[in-house]
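First up is the structure itself, then whatever we jot down about it.
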Amino acid sequence: MKILKNKKVMIGIVIAIFVVLAIVATVGGIHKQNEEKIKQTLMDFVGEINEKNYEAMYQKVITNNMNQEDFMTKNQNIYEGIDSSDIKIEISKIEKQDTEYQIHYHQKMYTAAGEVEFDNKVIAVKENQEYKLKWSPKFIFPQLGENQKVRISTIKAKRGDILDRNDKKLATDGTILSAGIVPGKLGENKEQNIAKIAELTGTSKEYINQQLQAFWVKDDTFVPIKKISQNNTVLEETLLQVPGIMIQTEQGRVYSLGKEAGHLIGYVQDINAEELKEMEGKGYNTNSIIGKSGLEKAYEETLRGIDGTEIYIVDANENKIGEIVKQSKKDGQDVKLTIDASLQTKLYEQMEKDKGFFVVMQPITGELLALVSTPTFDSNDFVVGMTTKQWEELNNDASKPLYNRFVQKYCPGSTFKPIIGAIGLTTGKIDANEDYGYTGTSWQKDSSWGNYQVTTLTGYSGAKNLLNGMLHSDNIYFAKSALKIGADTLAENLDQLGFNEQMEFPLTLAKSQYASQNGGKIEGETRLADSGYGQGSVLVNPIHMASIYSAFANGGSIIKPYIEYDKSKENTNQRGEILKQDAFSSEAANTIKEALIQVVENKEGTANDMKISGTTIAGKTGTAELKTSSEDTESGTLGWFDCFTVNQPDGNDWLIVSMVENVQDNQDGGSHYLIKKIRTLF
């Protein structure tokens, strides 16, 4: 009986243990479920901060006598005022305290002053079956008290200057004008004066009235309306005649060669939301400017300054009582160019009324001395802000002033003939002295070409060899040369010159090509023949063309064009970086150079009007027809002239590649029209 009794006791103890364990397990499970809900509540709250959904934030908190509007305003002012983004938390532990839970966590976030991280804690309580957070200002920053505020101050960093080779500032942080209204000075004819200001500034009466109705505006307040360039003295003087107008100065980007180098230098503007998101974590904020085009964009990382920013806490009397984060300012670095501002200006003035370009390069060093594209725009207009009308006029202009021509690719016409000649000589496919024989001013290989004929402009006496073919720009001679070279050999050698290849350069240059598609094949004999004189599917980028022509001045090696000034090469004429070593044989390069000198020096040469006493110049004229068929009368014609000086006494040789569009009706013809302009430089 005693044994039985002991067994019953043991069974009872075991059952009790199981019951206790079950209760503990149940309680533990409930506690774990509660922790997960609490964690999720905090994570959801942080998610709403990132989404800037302040109303949803308020629904997840219990505040100490703060209504919804005040809560939303305070949080918005702080989080958006400091440019907070990408807020992340990591919960370390949750402690139960009676009916409350204390959550310990680590927080990171990006701000206008850089990354901020800190340890913090918050109380969670259960209310109507849901967990809510006991909110106080310390939730934003642990050191932030009830009657304290968060402030942010910025120390503007300087953007680096863009300088020409002689240290002339092409882009710099300078002074622009801000035209604004002092409401109390508008006078009795207020509406009439507002209408006049709207007309002069290119804004609208609605916009001006909206600015004047801002909560901070008083009768003696200066209300900014329009930024204007300091050079726009006519607009400045006209505005100052209207009652209520005041003009102040402020800092802004200034371009000394506004139109002369618009496509090259480009411009900066305020950063937009998309760019700000893309540049997240790189020190940009809503007040940053950023390069939008040209070298301002290409050298953004070098030029940009990072503003110094401090986020701190003040008391009710605006006394600083604590620092949250501070980032020192970092000024941008200058970029010095090989460009000669004086030469750039002279060439722009020559081409100002035309559609075309100039590329000027030092053929030995590879330094680019001028890059001009016309028509163009004034970089200063983008900085001060265009009106809708101004933008539409610029964007819809048939002459395409926003189109940067020197980064594109074009049919080169007869300026391609020296390249064909050099390839033929280098590969041994042609003999410079071989006489192809006279066939008149039109020719076809045989009847398989059907009605297709290669035509040349004029006949000439003498042997139909390389020199005379170059002198008279004989299409038939170079069509025959292309056929002798053959499609595969020509394609292989053009690839070796950099065709179908992205040239390394700060601005993106179009790839030169010889087929209808990059990397494609020259299709058919007639297309190959046309390629011989720069027609067919041949398209060349102007800067690439300049680099190829440099081979004729460098014994066959192509020099790499560059635009960032290299101080180590100052006052020297040492050869620049080789882009393509021995692209042509030295014999071929010199033969072509001598032929190009005769194109200018010989009275029968097509560029004899470029002859200048005391200066040796090698050059090639070119006309490229853009016709898609024999009936095409709309596509127009391009005029080219490429030349380089030879052995200048000071070693300061120039290589010039130039083109002008729509020369079909020009009495001078395209090449000779350009020659007149280039001669002014000498």
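Here the spin labels are modelled as points 7 Å beyond Cα on the Cα-Cβ line, and at Val125 and Glu188 they lie 6.6 nm apart.
Cut-off 14 Å, label point 7 angstrom out along Cα-to-Cβ of Asn147: give me the residues of the stretch 302-323 whose amide nitrogen falls inside. Once the point is set 7 Å along Cα→Cβ of Asn147, 314-319 turn out to lie under 14 Å by backbone N, inside the stretch 302-323.
Estimated from the Cβ-Cβ distance and a Förster radius of 30 angstrom, the FRET efficiency linking Gln408 and Asp609 is about 0.60.
Hey, got the dipole for the chain? About the Cα centre, +1 on K and R Cβ, -1 on D and E Cβ, debye to the nearest 20? Please report the intermediate quantities before stating the final value.
On the way: 75 positive and 93 negative charges, 472 e Å.
The dipole magnitude comes to about 2260 debye.
Straight distance only, please: which lysines reach the Cα of Lys39 with their own Cα at less than 21 Å, same-chain residues fewer than 8 apart left out? Qualifying lysines at Cα under 21 Å: Lys52, Lys60, Lys88, Lys93, Lys96, Lys108, Lys121, Lys126, Lys132, Lys134, Lys138.
Here the stretch 340-368 and the stretch 467-535 have alpha carbon centers that stand 26 Å from each other.
For the stretch 653-682 and the stretch 565-607, compute the distance between their C-alpha centroids and round to whole Å. So the separation of the two Cα centres works out to 20 Å.
Show me the ranking of peptides 37-47, 650-660, 615-625 by mean Cβ neighbours inside 10 Å, starting with the highest.
Values: 37-47: 16.6, 650-660: 20.8, 615-625: 22.7.
With the highest mean Cβ count within 10 Å placed first, the list reads 615-625, 650-660, 37-47.
Farthest toward the positive end of the dipole of the chain, out of His263, Ala529, Asn65, is the Cα of Asn65, where the dipole comes from beta carbon charges about the Cα centre.
Fewest neighbouring Cβ atoms within 10 Å first, the residues Val335, Val61, Val372 line up as Val61, Val335, Val372.
Between the stretch 375-446 and the stretch 30-76, the C-alpha centres lie 63 angstrom from each other.
Of all lysines in the structure, the ones whose alpha carbon falls short of 24 Å from that of Lys190, not counting any fewer than 8 places away in one chain, are Lys205, Lys218, Lys226, Lys227. In this simple spin-label model, placing a label point 7 Å from the Cα along the Cα-to-Cβ direction at both Thr489 and Glu501 gives a separation of 2.1 nm. Helix 475-485 and the longest principal axis of the Cα set of the chain meet at an angle near 70°.
With the cut-off at 1.5 for a/c, could you classify the stretch 407-679 from its C-alpha gyration tensor as rounded, prolate or oblate?
rounded
Annotation for Ser461 and Ser328: the two label points, set 7 Å from Cα along the Cα-Cβ direction, are 8.1 nm apart. Note on the chain: dipole from Cβ charges, positive end direction compared against Gln107, Leu186, Gly294; the farthest Cα belongs to Gln107. Using Cβ point charges alone (K and R +1, D and E -1), the dipole size of the stretch 174-254 about the Cα centre works out to roughly 180 debye.
Ranked for footprinting exposure by Cβ neighbours inside 10 Å, fewest first, Glu492, Glu318 give Glu318, Glu492. Here's the picture: charge each Lys and Arg Cβ at +1 and each Asp and Glu Cβ at -1 in the stretch 377-492, and of Gly469, Gly440, Ala491 the one pushed furthest to the positive end of that dipole is Gly440. Compared with the dominant Cα axis of the chain, that is its longest principal axis, helix 670-679 is turned about 80°. Remark on Asn518: its backbone amide H falls under 5 Å from none of the residues 5 or more positions apart or on other chains, H modelled at 1.01 Å from N.
Only the coordinates and a few stated rules stand behind these numbers; no lab work does. This structure is a prediction, so every number in the text was calculated from the model and none was measured. Backbone-built Cβ (ideal geometry, glycine too); neighbour counts: all protein chains shown.
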